[in-house]
Amino acid sequence: MNNFDYLNSRLEKYEHLTLKKINGSRYRLQDECVNKSLSFNLKGIEVESNYMNMKKLHLKFENSNDYKYFDGHGFCIEDYAEFGITGFFDEEFNYTSFETDVCYSFGKYKFIVSDPSNLFQFLTWFEDETKFDYKTIKLFGTSQDTALKDLEKAVFYIGSKFLEDDEAYKEFLYPRIVDLREVGVTAVPFNYTEINLNINWDSPIANNLSLFNYGESTDHYNFFAYYRFIETFFDTGNEEDELIALVESIDNDELLIFAKDHNLIEANGTAKTLAKTLYKVRNNYVHHKLRKERIVDPYFNVPVAILSKWKVISREITIQLFNKNCL
């Protein structure tokens, strides 16, 4: 199947998307509902194993339009932007006075939270592995340069509608932007050690369980809370040596298999290798000085797929250390 036939067949499932030929190998993709279109040259977009290289297609879009794709999150076309969002939008539970499918204004901008447009679904399908049930926030009157700031303003506006009598749920239900790459890797399979609850609850280590709880409730690539829990087992020596000793002291066979299977360490890596690599990854983010582009765009440069694996590693180390030291 050639690239045009493949693309055309893929678009058949989207009621509001049309593909029209401009001339030669140039085409225009249009969403009739949001009234936005993208022109592009289809030449050079290969179809292999019944799969189109969407990353190349996004580059084609960016080269020919006022367009930017924010990996795994959404896009901006001219003065319109759309991002995946989740939060307290279920009116059945009355968490909020905010209403979906209603257009709100803040300053010169407008936004609406509603079902994803066909254009959003098409542009992000290759990164959305689980087809998570989410809505999208649609911004009007924005631009590539201001889209992220305008997005934060809209999220703040939505969050301000949370009902005070349900304040206890706010931490868990506050609106947040969906990273579709994270949605696809939330359940990294691993046979975790069972947590032993026959422990000494007066142990100093047990007083640090807030770190474990925080690790359980944060993003699936955020392993830092678990790592901080591991640090509570350190003495006053060299941190890297302390971590190596802890990892070598636990049952690390399954951890090593997991790390090697997911290319976190080399095939001949040891427990020492795993600990040193974890320490390096942790330092890379804790001590990393933000570049200018990271300051402007701090959310969309995280290697989610890799860090989610390190969260598995950190969680298992944490559980084993807890079981071993809180008896």
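The values are calculated or read from the model by the stated rules, or taken from the named source; none is laboratory data. Predicted model only: the values in this text are computed from it and were never measured. Neighbour counts run over all protein chains shown; Cβ positions are idealised from the backbone, glycine included. When the accessible area is computed, the model is the full protein with side chains, heavy atoms only, and any ligands, DNA or RNA have been set aside. Shrake-Rupley method; radii C 1.70, N 1.55, O 1.52, S 1.80 Å.
Could you check the spin-label model distance between Thr236 and Glu248? Points 7 Å from the Cα along Cα→Cβ, value in nm.
So the label points at Thr236 and Glu248 sit 2.3 nm apart.
What nm distance separates the two modelled labels at Asn2 and Glu152, each placed 7 Å from Cα along Cα→Cβ?
The answer from the label model is 4.8 nm.
If you add up the charges near Asn238, with Lys and Arg at +1 and Asp and Glu at -1, over every other residue whose beta carbon is less than 15 angstrom from its beta carbon, what do you get?
Its environment carries a net charge of -3.
With the cut-off at 21 Å, tell me which of the pairs Lys36/Lys138; Lys55/Lys108; Lys108/Lys135; Lys138/Lys309; Lys135/Lys309; Lys68/Lys309 have Cα atoms farther apart than that.
Lys55/Lys108; Lys108/Lys135; Lys138/Lys309; Lys135/Lys309; Lys68/Lys309
Could you rank Trp125, Trp310, Trp201 by how accessible they are, 1.4 Å probe, largest area first?
Sorted descending by solvent-accessible area, the residues read Trp201, Trp125, Trp310.
Starting from the Cα gyration tensor of the range 214-276, take the square roots of the eigenvalues, sort them a ≥ b ≥ c, and report rounded, prolate or oblate (rounded when a/c is under 1.5, otherwise prolate if a/b is larger than b/c, else oblate).
Oblate, because a/c is 1.5 or more while a/b does not exceed b/c.
Need one value: the accessible area of Glu152 in square angstrom, 1.4 angstrom probe, rounded to the nearest 10.
Ignoring ligands and nucleic acids, Glu152 comes out at about 80 Å².
Give the ranking of Leu197, Leu321 by solvent-accessible surface, highest area first, calculated with a 1.4 Å probe.
In descending accessible area the options line up as Leu197, Leu321.
Output the Kirkwood hydrodynamic radius of the range 1-90, Cα pairs only, in Å rounded to one decimal.
14.3 Å
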